[in-house]
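Below is one structure, written out as C-alpha cells, with a few remarks after it.
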Amino acid sequence: MGVISKLDAINHMLLMAGESMVTDLENLGGVDTGVCEGVLERTLVDFQSRGLANNKYHKKFKLDAIGEISLGSDNISAELISDHSNSDGFRIIGVSRVVNEGDTTAKLFNVTDQTYSNWAASTEYWVELVVKVPWQAMDTPVQRAIMATAARQYQIIMQGDVEADKYLNELEIIYTTRGKCADVDDKRRTIFSSGTEKLRSIHHRSSTTDTSRFRYWRTSNG
C-alpha cells in the first residue's frame with residue numbers, strides 16, 4: 001500500500017500545471033479537476049497494463065463440464081500459458097475478451113476455434129492474468145512514477161507549456177525508473193527469471209542424454 005493519497009496526486013498534477021489545489025475529492029465540480037482525475041485513472045491503467053508485482057499472477061482453471069471460463073472483473077489482459085491443441089491438432093490460443101460491449105466480466109476466448117464455450121472438462125488450464133488494482137493498492141515508488149507521468153500529460157492538455165513539459169519530462173524519467181526498479185525488486189527477478197513465460201520455460205527445460213546414441217563414439221584416433 002502506498003503512502004500517496006489520490007488527493008495528493010491530483011493536487012500535484014494541478015500544482016504542476018499552475019492551478020489551485022483542492023481540499024477533497026468529493027466536490028470535484030470544476031472541469032479542470034475532472035480532467036485531472038480522468039488523466040490519473042488512465043495513466044494508472046496504462047502503467048499496470050505491462051504487469052506489476054501486485055497485479056500479475058497465474059491461475060489454474062479446471063471445469064467439471066465443458067463450458068466457459070470466467071476471468072472475473074477488472075481484468076486488463078489474460079493469456080493462456082499452458083499448451084493445448086484442438087481436434088485438428090492446432091495449438092489453442094486463449095485471451096481475455098468480454099462477450100458484449102459494456103460487460104464488466106471477461107471470459108477466456110479461444111482464438112483458434114473462435115469460441116468462448118468449448119473449454120474441456122477435467123483439464124487444467126493455466127492462465128496468466130493482469131488485473132486492475134486501485135490507486136491505494138499501489139506501492140509508493142510506483143504511485144510516484146504514475147503521478148509524474150500523469151502530471152506531464154495533464155500539463156500538456158491544459159496549459160501546453162513547452163518549457164514546463166521539459167522539466168516534467170525529466171521528473172517522469174527519474175520516477176519511472178525508480179518505480180520500475182522497485183517493481184523488479186518486489187518480483188525478486190534475476191536475469192534468468194525475467195522475460196516471458198515461454199522464454200523462462202525454455203531456460204528451465206531439462207535435457208537428457210541417450211547413451212545408446214553415443215556409445216560408438218571414439219575418444220581417440222585409430
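For region 1-23, give me each residue that is farther than 13 Å from residue 148 by Cα, β-branched (Val, Ile, Thr) and surrounded by 18 or more Cβ atoms within 10 Å (Cβ to Cβ). 22, the sole residue that qualifies.
When every residue of region 75-85 is checked against the conditions, at least one turns out to be surrounded by 15 or more Cβ atoms within 10 Å (Cβ to Cβ), touching a Lys or Arg at 6+ places or on another chain (Cβ under 8 Å) and under 24 Å from residue 152 (Cβ atoms). Restricting region 68-92 to residues that are of a type outside the set (A, V, I, L, M, F, W, C) and in a strand (DSSP E or B) leaves a set whose member that is farthest from the chain's Cα centre (by Cα) is 85.
Taken over region 29-77, the criterion of being out of contact with any strand residue (DSSP E or B) (no Cβ under 9 Å at 6 or more places or on another chain) and of a type in the set (Lys, Arg) is satisfied by 42 alone. Of all residues assigned to region 136-146, at least one qualifies as being closer than 30 Å to residue 19 by Cβ and not in a helix (DSSP H, G or I).
From 173, 146, 156, which residue is assigned by TED's automatic domain parsing to the domain that holds residue 40, at pLDDT 90 or above, within 19 Å of residue 42 (Cα to Cα) and out of contact with any helix residue (DSSP H, G or I) (no Cβ under 8 Å at 6 or more places or on another chain)? Being assigned by TED's automatic domain parsing to the domain that holds residue 40, at pLDDT 90 or above, within 19 Å of residue 42 (Cα to Cα) and out of contact with any helix residue (DSSP H, G or I) (no Cβ under 8 Å at 6 or more places or on another chain) holds for just one of 173, 146, 156, which is 173.
Checking residue 95 against (1) over 26 Å from the mean Cα position of the chain (by Cα); (2) outside any helix (DSSP H, G or I); (3) surrounded by 14 or more Cβ atoms within 10 Å (Cβ to Cβ), which single condition isn't satisfied? Every listed condition holds for residue 95 apart from (1).
The values are calculated or read from the model by the stated rules, or taken from the named source; none is laboratory data. On a predicted model such as this, the values are computed, not experimentally measured, just so you know. Positions of Cβ are generated from backbone atoms using ideal geometry, with glycine treated the same way; all protein chains shown enter the neighbour counts.
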